[in-house]
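Structure, as structure tokens:
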Amino acid sequence: MSETVNTGFARAAAPALRLRRLVDVLCAGTALIVSLPVLLVIALAIWIEGGRPILYSQLRLGLNGSPFRMYKFRKFRADCDDRGSPLTAVNDNRMTRIGGVLAAFKLDELPQLWNILRGDMSFVGPRPETLVFADCFKNGFEKILEHRPGLVGPCQILFRHENTLFPQDGNVADFYRDVLFPAKAKIDLAYYSNRTVTSDLWWIVQAVWIAVGEPLLSRMRSAQSNGQSGTAPTAESLGANLVQK
């Protein structure tokens, strides 16, 4: 009886999975074409500031726990490697000036469009964890690995400034394991068990607004406020403000 139910569920889910994959390919392909000039400018800026490598890659846990290599634009100094903290702190001293700008607008994540085209990731899905936190997937949380990891999703929106929650003193990795990971895992399990293609698209729209629209609007308001006060902002103050945010 259970085998019949499982087979019927798999057949019902197959069209949604195919549609989601089609949306992934179309959106990622379109985004790559549209953002190509931006990608080239970012690559050139990273190269001018600190040379190669332009990209940073790291093994992450994928669908069913299979590791895959996820790509990002490098935002840390070239001499940094995986021996440091697996988490990015506020005012992380490994961050380059260009890296701070990329992190502020989440532009360092753009190379993951290639991961989406390859099928390693989906546009919407749980954030792929590093192998350092593989031990967190237990006591029911391993069900998260049944979903293809994604570029955006509820936790990426709700915890977009998660590094501001890190304790000033103490082990940040332990805090992530004990507090942040369980909180995000519960949200992921609640959402991805009942997701629809329409709800996924809504999260994509929210992610674009938060990554691009919201920061730009904030800076426009800041510039307008400075103009009304009669004090013209300097290039240094604007750059510092951009990196800090």
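When residues in region 70-114 are screened for being of a type outside the set (S, T, N, Q), closer than 20 Å to Ala31 by Cβ and not in a loop (DSSP other than H, G, I, E, B), 13 of them pass.
Taking each residue of region 194-216 that is farther than 18 Å from Met121 by Cβ and open to solvent by less than 30 Å² (accessible area, probe 1.4 Å) and looking for partners that are modelled with pLDDT under 80 and of a type in the set (D, E, K, R) with beta-carbon atoms closer than 8 Å, six or more apart or interchain, yields Pro215/Lys245. Only a single item in (1) in contact (Cβ under 8 Å) with a residue 60 or more places away in the chain; (2) over 13 Å from the mean Cα position of the chain (by Cα); (3) over 27 Å from Leu36 (Cα atoms) is not met by Thr130, and it is number (2).
When each of Phe68, Phe105 is tested for being open to solvent by less than 80 Å² (accessible area, probe 1.4 Å), at pLDDT below 90 and on the phi < 0 side of the Ramachandran plot, the lone residue that passes is Phe105.
The values are calculated or read from the model by the stated rules, or taken from the named source; none is laboratory data. Please read all numbers here as calculations on a predicted model, not as lab measurements. Positions of Cβ are backbone-derived with ideal geometry, glycine not excepted, and every protein chain shown enters the neighbour counts. Ligands, DNA and RNA are stripped out before the accessible areas are found, and what is left, the full protein with its side chains, is counted by its heavy atoms. Shrake-Rupley method; radii C 1.70, N 1.55, O 1.52, S 1.80 Å.
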